[in-house]
Structure formats: C-alpha cells, structure tokens
Amino acid sequence: MRIVMNGVTGRMGYRQHLVRSILAIRDDGGVLRPDGTRLPVEPIIVGRNREKLTEIARKHGIETVHTDLDAALAEDDVQVYFDSLVTSERKKTILRAIAAGKHVYTEKPIAESVAEGEELVEAARSAGIVNGVVHDKIYLPGLIKLKRLIDSGFFGRILSVRGEFGYWVFEGDLIPAQRPSWNYRAEDGGGIVLDMYCHWNYVLEHLFGGVEAVMTKAVTHIPQRWDEKGRPYQATADDAAYGIFELPGGVIAQINSSWAVRVDRKELVEFQVDGTHGSAVAGLFGCRVQHRVRTPMPVWNPDLPTEQDFRAQWEEVPDNQEFTNGFRAQWERFLLDVEAGRPHPYDFASGVRGLRLVEAALRSNAEGVRVELRGAAR
C-alpha cells in the first residue's frame, strides 16, 4: 500500500509518523493482518523543500519524492493521503486528496473551524473514502491502563478528573524554542486551545463520555517570542488554558494546559481520576493506583511538617501486555480499515467534535461564561 505523506519535514510528521510509524512498519515487513500475513507499505513524501525531502529520502531509503502534491497523488497504486501540515493549510490539501479518490488520514485539528471540518466530513462521505484523525493518546500505555481500570469498575462511582499538561517552551532568544513559531500566531492556526482541546475532547470522550459543558480561561503568558531565524515577533495565540469540563454522570474534569509551565511531575501530562472506591494517576506510560482499603488518613496540621510520603503510598499498575508506539498503533488500525473497506472509528466526525469543544471553549473565554455542548457523544 503506497501512502503519500505531506509535512514530513516538520517535527511531528517526521519523528512520529514517518520514522516511528510508517518506516517502522515497512521495516517489519508491513502491517500484521489477523491471519498472520503482512500488508506492505511504501511512503511517498511530498513538500515544498526538495533539498530537505531528498535528504530524508536518502537517509531512510525512500524511493519517491515530490514537491507537487497532485503529481504525488497521481502516482500508481497510491491509496492513502496523510497530512501533517500547519492547520491553516490542511483543509485545501485534504480536499485535493479526496477529489483524487484517496483515503485520508490526518493530524488534528482537522481544520480551523467547525464549518470547515463539516465540509471535510461531507466531502469524505460523498466520495465514500475511509477517513481518520490522529487520536494517539488513547493508544498510549498509561491511558490504556486507565481505561482498563474504568472498565473493571475499579473506581466505583467516578467523581472527578484532574489533568496537568505542559512544559516550558523557550522564548527563542536565549535558547531556541523547541516548538515551531506558527504555534504562537493565531493567524497561522496556532494556539493551545485549538491544539490541545482537540486532544482533550477525544481523551475525555473515550474514557468518560462526551463533554456536556465547558468553562475556560485562555491567556498569552509570553507576549513576545523569537522565530526560527532569531527574529522577534508578537505572540497572538494563547499559550495557556485553564478549563473545567462537565461530563456525564456529574463527573467534573479540570485540565490545565500550558507552554509556560515548568514540570514537577513524572510525565508531561498526567490525569488523576478520583472515585468512591479508588483513585489513579495516569501519564503517557505509567499508571499508579490507590484503592480505598489502602487509602491513608492524613490529618491537617500546619504547625508540623508531615511525616507521610504520600507518593510512596501508591502502587504501579503492571503492563500485563506489550505496548507499541501509540502513533504506530493507530496507523496500523487505520491501514487495516482501508484494506478492509470499513470505517475507521476515529474519523473526521470525531475531529469535528473536537473543534466544537474548541469553539465552545474560546466562546467561554471571550464572554466569561459556561458554554453547553449539545449532543455530546460517548
């Protein structure tokens, strides 16, 4: 199966999607089918910078490089188009791939607005193509373990969820920034709400059910940054967001998202789930639990330092299975869905639900109000 990959000169497109997913699958002989045979894959890389593409192709043994998307889509036996361009470019390139009759897998957000996302949903439906949006986090070990706990009834009645995500992204003057500058320009599709709330929507939906209402405060903590060429620019997009999400059954989730925070936790993202029978803290890889029969009895006494090591009172959930890279795991599922001609569960419509949460959150921030989302789905 030949796959046109657009945007592989970018950090995420290159590391996670090309190297750790498609090339890793190729080098293993293809996607493992249920009957034990393999579905071979071959990437075709496309972009604007031929020099960078040629170097990637030379390094990884990729035969075909294009700077013309339509020419790439016209290659023999191409079945799938993948998009990891900047958000502002995504809709038009996906529409070109759909018009060429290709199945489409894309990074999120799938578009800059709900209206644009719905346009993609309708175009994909009319063309009858298999379509998918990256939902990598629910394929990661920590959240797989957390889902296992939920399904087993470990928590009893779930009460609340608290999420902490983020790290310090350098401004770019003293030390080069580790994220591209467009992330901090609203006019180029940047902003942490647009980026991360699409993730939080599918994570919350997968684990607890669709978001029913949201309150958010979004801010730009760092107003000036320096771009890849060392030039100062004004940050016009939010770099931090503080949200409260109402979930089915009265569950309340609070998630802080920030590119202006220094990390004091085991992983860059952690979710604490508290229930009547137990609690868990899950990151991307690990998951720690504390059952009610093992819950200590802290006593508030501000006059004396505590003698309890609270973090030592939690137990690690064992792996109990072999985990693969989350991006690769979803790629494999999508490609098998394409071969079988069946819908992918995390499709363009799921991407639109993420955009609905983004728009509700931005409205909440602008108006200072709680915003309900109608028709939230599990």
So for the range 87-109 (the condition being in contact (Cβ under 8 Å) with a residue 60 or more places away in the chain, surrounded by fewer than 18 Cβ atoms within 10 Å (Cβ to Cβ) and of a type outside the set (D, E, K, R)), does at least one residue qualify? yes
Please state which of the following conditions Gly249 fails to meet, knowing it meets all the rest: (1) out of contact with any helix residue (DSSP H, G or I) (no Cβ under 6 Å at 6 or more places or on another chain); (2) in contact (Cβ under 8 Å) with a residue 24 or more places away in the chain; (3) in a loop (DSSP other than H, G, I, E, B). (3)
From (1) closer than 25 Å to Asp68 by Cβ; (2) touching a strand residue (DSSP E or B) at 6+ places or on another chain (Cβ under 7 Å), pick out the condition that doesn't hold for Leu143. (1)
With criteria (1) within 30 Å of Ser126 (Cα to Cα); (2) assigned to a loop (DSSP other than H, G, I, E, B); (3) among the small types (Gly, Ala, Ser), Gly36 comes up short on (1)
State which residue is farthest from the chain's Cα centre (by Cα) when the search covers only the range 168-196 and only residues that are aliphatic (A, V, I, L, M) and open to solvent by 30 Å² or more (accessible area, probe 1.4 Å). Leu174
Does the range 315-370 hold any residues that are farther than 20 Å from Ser126 by Cα and β-branched (Val, Ile, Thr), and which are they? Val317, Thr324, Val358, Val369
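Is it true that Asn256 is among the polar types (S, T, N, Q), surrounded by fewer than 16 Cβ atoms within 10 Å (Cβ to Cβ), within 28 Å of Arg157 (Cβ to Cβ) and under 20 Å from the mean Cα position of the chain (by Cα)?
Yes: the conditions hold for Asn256.
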Within the range 217-243, residues being open to solvent by 10 Å² or more (accessible area, probe 1.4 Å) and under 19 Å from Arg356 (Cα atoms) number 4
Which of the residues spanning the range 11-30 are open to solvent by less than 30 Å² (accessible area, probe 1.4 Å) and not polar (S, T, N, Q)? Gly13, His17, Leu18, Ile22, Leu23, Ala24, Ile25, Gly30
For the range 41-60, give me each residue that is in a loop (DSSP other than H, G, I, E, B) and open to solvent by 30 Å² or more (accessible area, probe 1.4 Å). Arg48, Asn49
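The values are calculated or read from the model by the stated rules, or taken from the named source; none is laboratory data. The shown structure was predicted, so the numbers you read here are calculated from the model rather than taken from an experiment. Counting neighbours? That spans all protein chains shown, and the Cβs are built from the backbone with ideal geometry, glycine included. These accessible areas exclude ligands, DNA and RNA; they are computed on the full protein's heavy atoms, side chains included. Shrake-Rupley method; radii C 1.70, N 1.55, O 1.52, S 1.80 Å.
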